[in-house]
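What follows is a single structure, written as structure tokens, with notes after it.
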Ligand SMILES: NC(=O)c1ccc[n+]([C@@H]2O[C@H](COP(=O)([O-])OP(=O)(O)OC[C@H]3O[C@@H](n4cnc5c(N)ncnc54)[C@H](O)[C@@H]3O)[C@@H](O)[C@H]2O)c1
């Protein structure tokens, strides 16, 4: 049995993750901590309603008291999806991005360190690498060159994750997928796909070519047995 704290599990990707993980592992326990901002929607989680292994807590990842109280329950894994995630909103006002994406990640990292979780999975974005020219590709060694307040806040969170790994030995994995699309996506994101990346999704959560199921399989394999040492992003 694995006990997982998922944050932002009422959002687009997090809700798909929660539903899939409980479908594939009915004996696991998933607690979903979500502030329910405009982007969170509990209706996304209809599939797990009434599931005895699923718990929902409304709360803010930047609130240390909430985080500590939850982590006291003893979790094996923390998966951090919670974020202010829309580039255009970050251009209008970056403050909530700093609070949730930076302070919130720090609060979770600190809690995870103190409570000795076995894996901290930080869901980041390829936008931390900045813009890609027509040819070319990003690798884990690419420098962090964020171009929007959103990307900068995610890059800052990645730096904190790296620091917690190197300073305290917290087992951290960072994923940096590109744009995702699929069920439960909030419209504004879908319509800004082209602008954000100029290319179709190629991240680990991408939809299968003609399919309707979000692939979170790679996240699951990370949780099932990766060596954090090999996975901590090397490019920060
Ligand atoms: N959507 C994409 O294409 C994409 C691409 C790359 C990376 N990502 C990353 O994946 C993660 C999930 O993205 P998404 O598109 O599902 O986001 P989303 O905006 O759909 O959902 C975010 C969720 O986090 C919750 N939340 C926001 N602030 C919170 C706080 N302070 N405390 C607790 N919960 C809070 C919201 O209520 C919502 O349920 C994010 O970290 C994002 O940066 C997304």
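Only the coordinates and a few stated rules stand behind these numbers; no lab work does. Because the structure is a prediction, the values reported are computed rather than measured. Note that each Cβ is placed from the backbone with ideal geometry, even for glycine, and that neighbours are counted across all protein chains shown.
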Study note, to complete from the structure: The convex hull of the Cα atoms of the stretch 27-75, divided by residue count, gives a volume in Å³ per residue of 78 Å³
**Study point:** Kirkwood-Stokes translational diffusion coefficient of the stretch 1-49, alpha-carbon pairs, 4 °C, 1.567 mPa s, µm²/s
**Key:** 122 µm²/s
Revision key, fill the gap. For the pair residue 73 and residue 2, the simple spin-label estimate (label points 7 Å beyond Cα toward Cβ) gives in nm 1.7 nm
Practice item. Take the alpha-carbon positions of the stretch 67-189, form their convex hull, and give its projected area averaged over all directions (one quarter of the hull surface) in nm². Key: 8.6 nm²
**Study point:** the stretch 59-118-the stretch 128-165 distance, computed between alpha-carbon centres (Å)
**Key:** 19 Å
Revision key, fill the gap. What the 5 Å binned alpha carbon P(r) of the stretch 27-128 shows, as percent of pairs per bin from 0, is 2, 11, 22, 23, 19, 14, 6, 2, 0
Revision key, fill the gap. Quick shape check on the stretch 115-166: root eigenvalues a ≥ b ≥ c of the Cα gyration tensor, a/c under 1.5 is rounded, otherwise prolate if a/b tops b/c, else oblate, and it reads prolate
Check your understanding: Between residue 36 and residue 181, what FRET efficiency follows from the Cβ-Cβ distance if R0 is 22 Å, with the result rounded to 0.05?
Key -> 0.50
